[in-house]
Amino acid sequence: AQSVTQLDSQVPVFEEAPVELRCNYSSSVSVYLFWYVQYPNQGLQLLLKYLSGSTLVKGINGFEAEFNKSQTSFHLRKPSVHISDTAEYFCAVSDWGSGNTGKLIFGQGTTLQVKP
Amino acid sequence: DAGVTQSPTHLIKTRGQQVTLRCSPKSGHDTVSWYQQALGQGPQFIFQYYEEEERQRGNFPDRFSGHQFPNYSSELNVNALLLGDSALYLCASSLAGGANTEAFFGQGTRLTVV
């Protein structure tokens, strides 16, 4: 079965500093990878996705992620964070093997705390 | 485009009661998935509806059931509520397709069981 591990539960960082949120997945078949952001008391918003092609994926709000098949990783990065980036971030994998329905398997989440 | 809308936004129920949550998908979408997000956890897949039938189900008991209507909107029903059912319930809509289909999420319904 596929699974997603987000290696950091909380990441504190100062404003304008770079940040990396780490995500590893396990899968024996083709995968599609996603990063979602969740602001307090809100639903999930898609930041970016890897479906195929270039392993460096750019998303909204200046975020990017790199798919590394050999490391089974999909780490999220931003070169300079803002206070408004404070939120919960979820890495997710789409399940190709069981039904190919687009069912998402999520990690536990990483809380990004941006300090002034 | 109104996006995915869920109702109600908040709900308080007593143990043993039944609850119905509703979801209207994004315009043009025909597939609805439901997720449960417990406090401090990532969302967990409950089930997915397509063409008014349950297409895939996660590891949830039969107390959780659903329905999809001809206009693609959906309901999630939970019977015999337990304290552990307290969570944010998220609805996601998408176009029928494979694992590379993008899902759009609603704001969620916060269910509290007391």
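The values are calculated or read from the model by the stated rules, or taken from the named source; none is laboratory data. This structure is a prediction, so every number in the text was calculated from the model and none was measured. Positions of Cβ are backbone-derived with ideal geometry, glycine not excepted, and every protein chain shown enters the neighbour counts. These accessible areas exclude ligands, DNA and RNA; they are computed on the full protein's heavy atoms, side chains included. Shrake-Rupley method; radii C 1.70, N 1.55, O 1.52, S 1.80 Å.
Observations
- The mean number of Cβ atoms from other chains found within 10 Å of a Cβ in peptide A:102-112 is 6, as a whole number.
- Candidates per trypsin sites (Lys or Arg not before Pro) in segment A:1-96, loop by DSSP, up to 14 other Cβ within 10 Å: A:LYS69
- Our summary gives segment B:41-85 a relative contact order of 28 percent, counting only alpha carbon pairs under 8 angstrom and 6 or more residues apart.
- Simple spin-label estimate for A:THR5 and B:ASN77 in nanometres, 7 Å along Cα-Cβ: 4.1
- For B:PHE47, the amide hydrogen comes within under 5 Å of the amide hydrogens of B:TRP34, B:GLY58, counting only partners 5 or more places away or on other chains and with H modelled in the peptide plane.
- Based on Cα contacts under 8 Å between residues 6+ apart, chain B shows a relative contact order of 37 percent.
- Computed FRET value (nearest 0.05) for B:ALA96 with A:GLN45, which takes r as the C-beta separation and R₀ as 22 Å: 0.50
- Separation of the A:GLU64 and B:PHE69 label points, Cα + 7 Å toward Cβ, nm: 4.6
- Cα-Cα over 24 Å, subset of A:LYS78/A:LYS115; A:LYS78/A:LYS103; A:LYS49/A:LYS103; A:LYS69/A:LYS103; A:LYS49/B:LYS26: A:LYS78/A:LYS103
- Estimated distance in nm for a label pair at A:THR55 and B:GLU53, the labels positioned 7 Å out from Cα along Cα-to-Cβ: 4.1
- Computed with every protein chain present, the accessible area of A:SER73 is close to 10 Å² [probe 1.4 Å].
- Looking at segment B:1-84, the GluC sites (Glu not before Pro) that sit in a DSSP loop and have at most 13 other Cβ atoms within 10 Å of their own Cβ are B:GLU51, B:GLU52.
- Segment B:23-114: trypsin sites (Lys or Arg not before Pro) in DSSP loop, at most 13 other beta carbons within 10 Å: B:ARG63
- Two-decimal Rg to Rh for chain A - Kirkwood Rh, Cα set: 0.96
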